[in-house]
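First up is the structure itself, then whatever we jot down about it.
What follows draws every value from the coordinates through simple rules; no lab data is involved. Keep in mind it's a predicted model, so treat the numbers as computed, not measured. In this analysis, Cβ positions are derived from the backbone assuming ideal geometry, glycine residues included, and neighbour counts consider all displayed protein chains.
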Amino acid sequence: MRRVAVLASGGGSNLQAIFDHLDALGADAPATVSLVASDQPQAFALERARRRGVPAAHVPRGAGADVLTGLLETHGAELVVLAGYLRLVPAEVVRRWAGRILNIHPALLPSFGGAGMYGRRVHEAVLAAGTRVSGATVHFVDEQFDRGAIVAQWPVPVRTDDTADTLAHRVLQVEHCIYPWCVAAVARGAVRLGDDGRVHGALPYEFARFGVEGPRHPFVPDL
Ligand code: GRF
């Protein structure tokens, strides 16, 4: 059972999806969330953790890398999962947990990512560019925003009547589908970052079925 630390700055709906997925796996769950930490003391993600009895910590913005490192070590974090975490992960932490930090981004990287590309801004940029497809990307984390090796992506069609809010809503539903699967796959060792900087292994068969099962995949009714 891998101990997972989740870092979040906001509402934590992806954190909730991870909790729910691990609950659903029951005794087969390959991971347990041992810590939720946030740079925002009021983040609802922290409240979600407290309600489950999971340690919840506030890491002030100005805190040095050693504060985060100490916290992750204290809680035995083997895998670090960014779920709407808006701060750059310090290089020291990236090195210490190399290949064991995941992030989810609400667009198809390498487009529409990088510093300043978060939240509504991502979807506004997608709409401004006029692309017809957006989506969600899960990737390993390196020293730069949204640049690490890609684990999984799932497309979400952009509708001509989309606003940043409607697009964000549909992308978020897809995030909730794919992120828990990726976290579990990495926790199991089924997917890993190789020394060559590439992703090895494969997501489970169930992941591929999202696209054909209809109700399990929220974008299907929109096609
Ligand atoms: C998600 O869209 C995620 O992709 C991005 O921030 C948002 C977080 O949402 N990194 P939540 O806090 O998980 O609800």
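Could you tell me the center-to-center distance, by alpha carbons, between the stretch 4-31 and the stretch 158-182 in angstrom?
18
Relative contact order for the stretch 32-105: what is it in percent, counting Cα pairs under 8 Å that are at least 6 residues apart?
Working: 75 pairs, mean separation 20.6, N = 74.
RCO, the stretch 32-105: 28 percent.
Which of the peptides 100-111, 127-138 is most tightly packed, and how do the rest follow, judged by the mean count of other Cβ atoms within 10 Å per residue?
Numbers: 100-111: 22.6, 127-138: 17.0.
The peptides rank, most packed first, as 100-111, 127-138.
Select from Val126, Val36, Val171 the residue whose mean-square fluctuation is largest in a Gaussian network model of the chain (Cα-Cα springs shorter than 10 Å).
In this elastic network of the chain, the residue with the biggest mean-square fluctuation among Val126, Val36, Val171 is Val126.
Would you mind checking which residues have amide H under 5 Å from Tyr85's amide H? H placed 1.01 Å from N; only 5 or more apart, or other chain.
Distant-sequence amide H within range of Tyr85: Ser9.
I'd like the Karplus ³J(HN,Hα) series for the stretch 82-91: coefficients 6.51, -1.76, 1.60, θ = phi - 60°, whole numbers in Hz, and an x wherever there's a Gly or Pro.
So the Karplus estimates, Gly and Pro as x, are 8, 10, x, 9, 8, 8, 6, 6, x, 3 Hz.
Once you keep just the Cα pairs under 8 angstrom separated by 6 or more residues, what percentage relative contact order results for the stretch 80-210?
Numbers: 209 pairs, mean separation 29.8, N = 131.
Once normalised by length, the contact order is 23 percent.
Which whole-Hz ³J(HN,Hα) couplings does the stretch 157-173 yield from phi under the Karplus relation 6.51 cos²θ - 1.76 cosθ + 1.60, θ = phi - 60°, glycine and proline marked x?
x, 8, 8, 5, 9, 5, 10, 4, 6, 5, 5, 4, 5, 6, 5, 4, 4
222 nm [θ] for the chain, helices only, -39500 (n - 2.57) per DSSP H run of 4+, per residue, to 500?
On the way: 7 runs with 77 residues, N = 223.
Only helices count here, giving -10500 deg cm²/dmol.
What angle do you read, to the nearest 10 degrees and between 0 and 90, between the alpha-carbon axis of helix 65-74 and the longest principal axis of the chain?
80
Using bins 10 angstrom wide from zero, how does P(r) for the chain break down, in % of all Cα pairs?
8, 35, 38, 17, 2
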